[in-house]
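As structure tokens, the structure follows; a few thoughts come after it.
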């Protein structure tokens with residue numbers, strides 16, 4: 001059955017025939033069928049109304065501007081939401097529709113309209129950045145992250161947003177594209193790190209490592225687990241063992257948790273040397289020294305470390321002696 005006979009059956013008195021016609025028209029996937037479905041928007045049966053909306057979303061094009069406008073002015077939220085999703089197909093006229101829908105009373109419709117605007121017209125990004133809806137500003141951040149070239153002023157605005165999620169998105173953009181980084185952004189990050197904690201603080205610290213290496217002395221003291229997990233990965237990725245003087249700074253100032261994370265699996269000469277010093281340091285906690293030993297199980301270790309562990313196996317501290325003996329048993 002072709003499109004025309006199927007369309008004719010949409011008016012059949014037998015509801016089963018009508019449903020078969022609907023399914024067949026979707027199988028044919030011919031946009032010319034849209035006229036028949038438009039009439040179903042007012043059908044008393046909700047199944048047909050739903051299929052009408054589905055057909056409109058599937059086939060509506062610029063020539064269907066009047067239909068899209070009608071949907072955008074409907075009292076039904078689902079129809080206005082559909083208009084927000086497809087209005088961009090109508091070109092400039094569709095942008096006008098989206099402009100109206102971006103101030104709709106329903107938040108999900110506003111968001112859909114704004115997403116359509118910022119994804120189709122970069123000039124609307126600046127306007128979207130100052131709207132009250134946090135979800136819209138988050139959508140802006142997602143859109144900006146996909147752009148090939150990003151205006152640093154936009155990044156600066158995102159970093160100054162009241163929403164932590166939006167600020168975190170801006171940090172992600174900088175992490176992915178260092179060309180967005182300038183002096184103003186660096187200054188803002190320095191302000192932001194003072195009021196941040198956990199993983200967000202660690203991400204900012206990682207960005208500032210190159211420009212503010214002297215501040216690492218303060219960052220590495222933070223014992224927060226989320227901070228330590230993220231910042232230790234950043235230090236390992238930047239080959240912390242090659243940073244002059246960092247080993248001594250870590251020994252003097254780093255939280256024990258950071259030292260444990262940083263030295264886990266570390267096989268460099270300077271890393272092994274720092275580990276040996278910590279194992280020999282009786283002022284360090286029993287838990288940390290025990291963990292450093294446990295982390296060596298199953299990994300190759302130097303003769304110097306093995307010698308230290310052999311002595312620690314005789315320790316009166318149960319955790320340390322137990323871990324040391326466990327390691328020796330594996331050798």
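Just a few scattered comments:
- Helices (runs of 4 or more DSSP H) wholly inside the range 97-162 that include at least 1 residues being modelled with pLDDT of 95 or more, farther than 28 Å from residue 195 by Cβ and over 21 Å from the mean Cα position of the chain (by Cα): 107-120
- From 52, 33, residue being over 30 Å from residue 129 (Cα atoms), in contact with a helix residue (DSSP H, G or I) (Cβ under 6 Å, 6 or more places away or on another chain) and at pLDDT 95 or above: 52
Residue-wise test of (1) surrounded by 16 or more Cβ atoms within 10 Å (Cβ to Cβ); (2) under 24 Å from residue 36 (Cα atoms).
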| site | (1), (2) |
| --- | --- |
| 71 | yes, yes |
| 74 | no, yes |
| 78 | no, yes |
| 82 | yes, yes |
| 95 | yes, no |
| 102 | yes, no |
| 108 | no, no |
| 112 | yes, no |
| 115 | yes, no |
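- Screening 175, 217 for residues that are in a helix (DSSP H, G or I), surrounded by fewer than 19 Cβ atoms within 10 Å (Cβ to Cβ), in contact with a helix residue (DSSP H, G or I) (Cβ under 6 Å, 6 or more places away or on another chain) and touching a residue at least 12 places away in the same chain (Cβ under 8 Å) leaves exactly one candidate, 217.
- Considering 234, 242, 270, 290, the condition of being modelled with pLDDT of 95 or more, within 38 Å of the chain's Cα centre (by Cα) and either under 30 Å from residue 201 (Cα atoms) or surrounded by fewer than 16 Cβ atoms within 10 Å (Cβ to Cβ) (or both) is satisfied by 290 alone.
- Of all residues in the range 194-214, those that are under 19 Å from the mean Cα position of the chain (by Cα) and either surrounded by 14 or more Cβ atoms within 10 Å (Cβ to Cβ) or in a helix (DSSP H, G or I) (or both) total 11.
The values are calculated or read from the model by the stated rules, or taken from the named source; none is laboratory data. The structure displayed is predicted, hence computed values, not measured ones. No Cβ is skipped: glycine too gets one built from the backbone with ideal geometry, and neighbour counts run over all protein chains shown.
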